[in-house]
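Report on one structure; see the data block that follows.
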């Protein structure tokens, strides 16, 4: 019996070590899923230089689209989800403009036509570069910049808000940490995109939306993030909008506009 228990424990350690090894070696390949570019470059796009996380002496040119609404008070700095690029977000950009916002949207390193390769630190560098562009080149006040993220972008938007002054943080279908999307509970001594730890230190208003039928990121992630967030905060729950259809809901925009108007 003791031999069996000892052998079982040895097998457990081997499996655990394998999981840790996979997490260290292949996590970026599993997290980041850039596709072939879905758009052609034109004059409507600009480039911003982002510090290369693997070689700080170099930069990546990342592709940015900035739509300025002369009637807007706030600029939405939008960090998109995985397996998508600027070409698939035309309708969303139009919606933000129609509802009275300026919007700046960008492709992470390695996505669309942006140079480089995505990693956790790299995408943090990318969003910081776009934020700095708004502050330094467009002279937009930090308290007029709203950090917005969908899915993967929620962690990037949260990181930005944890390090910089913003008017608000808006999260759509977010997750607590990257690994817990699959494991539910922490099972390795490290993780990536730990928004659950960062959101506690953010004192800008927080707006979270999530659909209960999301089959990519379970609904409970938003519940935990909302619980950890500081006030003022709002949680908008949906029943049947899946992972990517929340902004198509008639209920979303009035709720978002009301939240922003009361900041």
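The values are calculated or read from the model by the stated rules, or taken from the named source; none is laboratory data. The structure presented is a predicted model; accordingly, all values stated were derived computationally and were not measured. When we count neighbours, we look across all protein chains shown, and the Cβ atoms used for this are built from the backbone with ideal geometry, even at glycine.
Exactly one residue out of 208, 217, 156, 135 is closer than 30 Å to residue 59 by Cα and under 17 Å from the mean Cα position of the chain (by Cα), and it is 156. When the range 235-263 is filtered for residues that are in a helix (DSSP H, G or I), exposed (fewer than 14 other Cβ atoms within 10 Å of the Cβ) and out of contact with any helix residue (DSSP H, G or I) (no Cβ under 9 Å at 6 or more places or on another chain), the ones remaining, listed by number, are 254, 257, 258, 261.
Among the residues of the range 38-67 satisfying the criterion of being in a loop (DSSP other than H, G, I, E, B) and touching a helix residue (DSSP H, G or I) at 6+ places or on another chain (Cβ under 7 Å), which is surrounded by the fewest Cβ atoms within 10 Å (Cβ to Cβ)? Residue satisfying both the conditions and the ranking: 38. The condition (being in a loop (DSSP other than H, G, I, E, B), in contact with a strand residue (DSSP E or B) (Cβ under 7 Å, 6 or more places away or on another chain), within 30 Å of residue 263 (Cα to Cα) and at pLDDT 95 or above) is satisfied by just one residue among 116, 81, 112, 100: 81.
In contact (Cβ under 8 Å) with a residue 12 or more places away in the chain, buried (at least 20 other Cβ atoms within 10 Å of the Cβ) and assigned to a helix (DSSP H, G or I): is that true of residue 93 in this structure? The answer is no for residue 93.
Checked against (1) buried (at least 17 other Cβ atoms within 10 Å of the Cβ); (2) not in a loop (DSSP other than H, G, I, E, B), residue 87 passes all but a single condition, namely (1). Here residue 160 clears all of (1) at pLDDT below 95; (2) under 19 Å from residue 208 (Cβ atoms) except the condition numbered (1).
Does residue 124 count as assigned to a helix (DSSP H, G or I), surrounded by fewer than 24 Cβ atoms within 10 Å (Cβ to Cβ) and out of contact with any helix residue (DSSP H, G or I) (no Cβ under 7 Å at 6 or more places or on another chain)? The answer is no for residue 124. Suppose the filter is touching a residue at least 24 places away in the same chain (Cβ under 8 Å), touching a strand residue (DSSP E or B) at 6+ places or on another chain (Cβ under 6 Å) and within 16 Å of residue 151 (Cα to Cα); does residue 217 pass it? It is false that residue 217 is touching a residue at least 24 places away in the same chain (Cβ under 8 Å), touching a strand residue (DSSP E or B) at 6+ places or on another chain (Cβ under 6 Å) and within 16 Å of residue 151 (Cα to Cα). Only one of the numbered conditions (1) surrounded by fewer than 24 Cβ atoms within 10 Å (Cβ to Cβ); (2) touching a residue at least 12 places away in the same chain (Cβ under 8 Å); (3) touching a helix residue (DSSP H, G or I) at 6+ places or on another chain (Cβ under 9 Å); (4) over 22 Å from residue 61 (Cα atoms) is violated by residue 141, and that is (2). Within the range 96-113, the set of residues being free of Cβ contacts under 8 Å to residues at least 60 places away in the same chain and crowded, with 18+ Cβ neighbours inside 10 Å comprises 96, 101, 102, 103, 104, 105, 106, 107, 109.
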